[in-house]
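Please see the structure below; I have some questions.
The values are calculated or read from the model by the stated rules, or taken from the named source; none is laboratory data. Everything numeric in this text was worked out from a predicted model, so none of it was measured. Cβ placement follows ideal geometry from the backbone for every residue including glycine, while neighbour counts extend to all protein chains displayed.
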C-alpha cells in the first residue's frame, strides 16, 4: 500500500493510505460520486490535532455502512467515541487485540464504548480487511 500525507481535495483510492498532516484535522467529503479528503486547521479534540475522533465522525456521516474503521495501539482515548459513531452508522470496525498491543489504551477505550465489531491481531486484521474488500 502507498502511504502519503493527505492534501485537501485528494481523492480516496484503493491501495492508498492517507495520513493527516501534523497539526491539521483530516475529514472525509463526498464530491459527486467519489470520496475526497479535507485537511483543515482546528482546535484540538481530546487534546489532539489531528484527532481520530474528528476523522471517524466525518467518515460515519459521509460513508456510514460503506466504511471500515480501524483503531490500533496507542495511549489515551482519542478515536474511541468516533469509533462508536462509525460502528452505529453501520461500519465494520476493528480494534487491535490487547495481546498484540504494546500499549492497549486506544483500542481498550473503543471496546469499552461499544464501538468495535472485532478485536484481532494485526495479521488477523489484514485477513479480515482483504476478505471484506
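When only residues in segment 14-44 that are out of contact with any strand residue (DSSP E or B) (no Cβ under 7 Å at 6 or more places or on another chain) and at pLDDT below 95 count, which is surrounded by the most Cβ atoms within 10 Å (Cβ to Cβ)?
So the residue we want is 31.
Name the residue that is surrounded by the most Cβ atoms within 10 Å (Cβ to Cβ), counting only residues in segment 96-120 that are touching a strand residue (DSSP E or B) at 6+ places or on another chain (Cβ under 7 Å) and not in a strand (DSSP E or B).
110
Go through (1) under 21 Å from residue 130 (Cα atoms); (2) out of contact with any strand residue (DSSP E or B) (no Cβ under 9 Å at 6 or more places or on another chain); (3) in a helix (DSSP H, G or I) and name the single condition residue 90 misses.
Among (1) under 21 Å from residue 130 (Cα atoms); (2) out of contact with any strand residue (DSSP E or B) (no Cβ under 9 Å at 6 or more places or on another chain); (3) in a helix (DSSP H, G or I), residue 90 violates only (3).
A follow-up question, please. Residue check, residue 92 against (1) within 22 Å of residue 4 (Cβ to Cβ); (2) touching a residue at least 40 places away in the same chain (Cβ under 8 Å); (3) in contact with a helix residue (DSSP H, G or I) (Cβ under 8 Å, 6 or more places away or on another chain), all met but one. Which one?
Of (1) within 22 Å of residue 4 (Cβ to Cβ); (2) touching a residue at least 40 places away in the same chain (Cβ under 8 Å); (3) in contact with a helix residue (DSSP H, G or I) (Cβ under 8 Å, 6 or more places away or on another chain), only one is false for residue 92: (1).
Take residue 125 and decide whether it is over 23 Å from residue 1 (Cβ atoms) and modelled with pLDDT under 95.
On the way: over 23 Å from residue 1 (Cβ atoms): no; modelled with pLDDT under 95: yes.
The answer is no for residue 125.
I've got another one for you. In segment 1-13, how many residues are touching a strand residue (DSSP E or B) at 6+ places or on another chain (Cβ under 8 Å) and without any contact (Cβ under 8 Å) to a residue 24 or more places away in the chain? I'd like the intermediate steps shown before the answer.
Quick first cut of segment 1-13, residues touching a strand residue (DSSP E or B) at 6+ places or on another chain (Cβ under 8 Å) only: 1-12.
Filter once more, keeping what is without any contact (Cβ under 8 Å) to a residue 24 or more places away in the chain: 1-5.
Result for segment 1-13: 5.
Here is a check on your reading of the model: is residue 6 at negative phi, touching a helix residue (DSSP H, G or I) at 6+ places or on another chain (Cβ under 8 Å) and surrounded by 14 or more Cβ atoms within 10 Å (Cβ to Cβ)? Lay out the reasoning, then the answer.
Values: at negative phi: yes; touching a helix residue (DSSP H, G or I) at 6+ places or on another chain (Cβ under 8 Å): no; surrounded by 14 or more Cβ atoms within 10 Å (Cβ to Cβ): yes.
The answer is no for residue 6.
Oh, and also: Tell me which residues, restricted to segment 14-54, are assigned to a loop (DSSP other than H, G, I, E, B) and under 17 Å from residue 64 (Cα atoms).
Filtering segment 14-54 down to residues assigned to a loop (DSSP other than H, G, I, E, B) leaves 14-15, 20-24, 32-33, 41-44, 46-47, 49-51.
If the condition is that a residue be assigned to a loop (DSSP other than H, G, I, E, B) and under 17 Å from residue 64 (Cα atoms), then 32, 33 are the ones that fit.
May I ask you to list the residues in segment 68-81 that are out of contact with any strand residue (DSSP E or B) (no Cβ under 7 Å at 6 or more places or on another chain) and within 24 Å of residue 123 (Cα to Cα)?
Looking only at segment 68-81, we keep the residues that are out of contact with any strand residue (DSSP E or B) (no Cβ under 7 Å at 6 or more places or on another chain), and these are 74-77, 80-81.
Within segment 68-81, 74, 75, 76, 77, 80 meet the criteria.
Quick one: residue 65 ticks every box in (1) surrounded by 13 or more Cβ atoms within 10 Å (Cβ to Cβ); (2) in contact with a strand residue (DSSP E or B) (Cβ under 9 Å, 6 or more places away or on another chain); (3) assigned to a helix (DSSP H, G or I) except a single one, so which number is it?
Going through the list (1) surrounded by 13 or more Cβ atoms within 10 Å (Cβ to Cβ); (2) in contact with a strand residue (DSSP E or B) (Cβ under 9 Å, 6 or more places away or on another chain); (3) assigned to a helix (DSSP H, G or I), residue 65 breaks only (1).
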